[in-house]
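Comments concern the structure below.
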Amino acid sequence: MKTLPFTGSAVAIVTPFNGLEVDYDALGEIIEMHIANKTDAIVICGTSGEASTMPNEEHIEVIEYAVKKVAGRIPVIAGTGSNDTAHAIYLTKAAADAGADAILSVTPYYNKANPRGLVEHFKAIAACCDLPIILYNVPSRTGMTISLPALKELAQVENIVAIKEASGNIGYVAEIAANVPELHIYSGNDDMIVPIMSLGGKGVISVVANILPEETHNICQKYLDGDTAGSLKLQLEMLDVINNLFIEVNPVPVKTAMDILGYKVGNLRLPLAPMADANYNKLKASLEAYGVKKL
């Protein structure tokens, strides 16, 4: 079996902004909070980090900052995906040079690669570095799913080691587990951590971990330790908060939640805008009912 970049809970960390600029001081404080509260890995410049709004120089600077701030205490996984293979290779090489521990690479969006093109896209990215590659399957955002034949072929590439599975289709996850055992599986949906781990998943790349880092770690760790009942209990207790973190498109609700809790995360970047009032009130009520506090 291929070497894992991490087991447990990796936070898909938000990027704090101050107006048009990245707030590095706030990002550093948030990273330290995660390390102190049992987060198992940091995913920087992912969807939750609003990477699609970052020009290349800024994208690379944020990865470099995260690597230096973490200083080897936990793995740093860099989001470097693109619908342009050459662009993804450029970002991946830069992340490797910055010292990232692994790469998260999303399926190409909008152009919706044909089957051969998709396989060659990921093979080209894997060939440009020695880092472990985590494929990211999220059809709700990209309009495409990685097929089982494509996964079987990609699993033969030495440094393609895992998939972040965010289709919401537990049957598809079961097919991956049964037919592509070479690939590790991470949940990409916070409401499916336990179901995916029951199929052999090794953890989650999580949005809710931004505000409940230790609890999300504990869901995974209890399952890995054999306390499946304890893991399930934590998963179900968190469900209302999780649901309300996706009441609007991510990362609008999670950055709003962090603002409510007193974290310094600043604004969203257009084309994302503040939440509707009714959704804001639902989110705030769920945080209060669960008892979420700033750490």
Being closer than 19 Å to I163 by Cα, under 16 Å from the mean Cα position of the chain (by Cα) and either among the polar types (S, T, N, Q) or part of a loop (DSSP other than H, G, I, E, B) (or both) is the filter here, so list the residues in region 1-38 that pass it. L4, P5, F6, T7, S9, I13
Where residues in region 186-205 are β-branched (V, I, T) and buried (at least 23 other Cβ atoms within 10 Å of the Cβ), which of them is farthest from A10 (Cα to Cα)? I196
Kindly list the number of the only condition in (1) within 19 Å of the chain's Cα centre (by Cα); (2) surrounded by fewer than 19 Cβ atoms within 10 Å (Cβ to Cβ); (3) in contact (Cβ under 8 Å) with a residue 24 or more places away in the chain; (4) part of a loop (DSSP other than H, G, I, E, B) that fails for N243. (4)
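Considering every residue within region 195-214, establish whether at least one is free of Cβ contacts under 8 Å to residues at least 12 places away in the same chain, part of a helix (DSSP H, G or I) and not charged (D, E, K, R). Walk me through it before giving the result.
Residues of region 195-214 free of Cβ contacts under 8 Å to residues at least 12 places away in the same chain: none.
Among the residues of region 195-214, not one is free of Cβ contacts under 8 Å to residues at least 12 places away in the same chain, part of a helix (DSSP H, G or I) and not charged (D, E, K, R), which makes the answer no.
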In region 63-80, anything closer than 14 Å to L131 by Cα and either part of a loop (DSSP other than H, G, I, E, B) or out of contact with any strand residue (DSSP E or B) (no Cβ under 9 Å at 6 or more places or on another chain) (or both) is listed as P75, T80
Out of (1) free of Cβ contacts under 8 Å to residues at least 40 places away in the same chain; (2) assigned to a helix (DSSP H, G or I); (3) among the aliphatic types (A, V, I, L, M), what's the single condition that is false for I42? (2)
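Matching residues to (1) closer than 24 Å to A88 by Cα; (2) at pLDDT 95 or above:
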site	(1), (2)
C129	yes, yes
I133	yes, yes
N137	yes, yes
G143	yes, no
I163	yes, yes
S167	yes, yes
A174	no, yes
V180	no, yes
I193	no, yes
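The values are calculated or read from the model by the stated rules, or taken from the named source; none is laboratory data. This structure is a prediction, so every number in the text was calculated from the model and none was measured. Cβ sites come from the backbone with ideal geometry, for glycine too, and all protein chains shown count toward neighbours.
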